[in-house]
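Structure first, commentary second.
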Amino acid sequence: MAREDADKDMAEENPAQEHQPDGETPAESPDTAAEAGDADAELDARIEEAVAAALAEQADSVLRAHAEVQNMRRRCEQDVEKAHKFALERFSSDLLTVIDNLERALAAVADKDDEAIVPLREGVELTLKGFLETCEKFHIKQVNPEGEPFDPQRHQAMSMVPNPDVEPNTVVAVVQKGYTLNDRVIRPAMVMVSKAP
């Protein structure tokens with residue numbers, strides 16, 4: 001009986017608890033539910049923003065990686081093309097001394113009318129001609145700029161000579177011919193350049 005009186009007293013003090021089963025809390029008020037809904041909406045918005053930012057960052061990094069791969073592929077293709085194009089550069093540079101020697105031999109016997117030397121001169125001429133034709137097949141070209149304007153990219157000035165007959169900075173004499181391989185200079189022409197008197 002004492003227990004029933006205690007329960008009755010408690011029920012009178014807290015009428016809302018009277019109808020609640022054991023272990024359950026009373027229902028939330030409408031204001032609390034609205035605040036919780038706003039918090040959930042704000043949390044969802046933040047999550048969506050974070051996901052959108054992460055997706056944008058990933059998309060940007062994928063685009064950058066793709067561009068980097070394309071650039072690398074292009075550079076590799078250019079390197080391979082240059083390797084094919086200029087593979088003979090060192091070899092052709094070494095051959096230039098042979099051409100120079102054949103030209104010197106031809107110059108040494110060109111003025112002599114001795115019948116014994118004529119076959120030698122013709123042989124050297126044919127050898128030099130065949131050599132230059134072979135070089136042309138492999139895109140090795142001779143640069144003989146006599147009478148042309150001086151070009152520091154293709155010519156190397158050995159000296160300057162006063163000459164009133166030509167424009168200043170004109171090549172008046174070629175000391176040693178130059179050569180190009182696929183339009184890249186492998187040896188500049190050594191020249192004498194005119195200057196104003």
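The values are calculated or read from the model by the stated rules, or taken from the named source; none is laboratory data. Just so it is clear, the model here is predicted, and its values are computed rather than measured. No Cβ is skipped: glycine too gets one built from the backbone with ideal geometry, and neighbour counts run over all protein chains shown.
Values for this structure:
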{"read-out": "Qualifying residue in the stretch 114-132 (condition: closer than 21 Å to Val185 by Cβ, at pLDDT 90 or above, surrounded by 11 or more Cβ atoms within 10 Å (Cβ to Cβ) and of a type outside the set (Asp, Glu))", "value": "yes"}
{"read-out": "Residue list for the stretch 145-184, filter: part of a loop (DSSP other than H, G, I, E, B), under 38 Å from the mean Cα position of the chain (by Cα) and surrounded by 13 or more Cβ atoms within 10 Å (Cβ to Cβ)", "value": "Pro145, Glu146, Glu148, Phe150, Asp151, Arg154, Asn169, Lys177, Asn182"}
{"read-out": "Single condition Asp44 does not satisfy, out of (1) modelled with pLDDT under 90; (2) under 30 Å from Asn163 (Cα atoms); (3) acidic (Asp, Glu)", "value": "(2)"}
{"read-out": "Test: residue in the stretch 112-132 that is out of contact with any His (no Cβ under 7 Å at 6 or more places or on another chain), within 30 Å of Lys82 (Cα to Cα) and polar (S, T, N, Q)", "value": "no"}
{"read-out": "Verdict on Glu103 being among the acidic types (Asp, Glu), out of contact with any strand residue (DSSP E or B) (no Cβ under 7 Å at 6 or more places or on another chain) and closer than 30 Å to Ala189 by Cβ", "value": "yes"}
{"read-out": "Residue that is within 18 Å of Thr180 (Cβ to Cβ) and either within 39 Å of the chain's Cα centre (by Cα) or in a helix (DSSP H, G or I) (or both), where the choices are Glu103, Glu77", "value": "Glu103"}
{"read-out": "Condition check for Ser92: small (Gly, Ala, Ser), part of a helix (DSSP H, G or I), over 30 Å from Pro168 (Cα atoms) and in contact (Cβ under 8 Å) with a residue 24 or more places away in the chain", "value": "yes"}
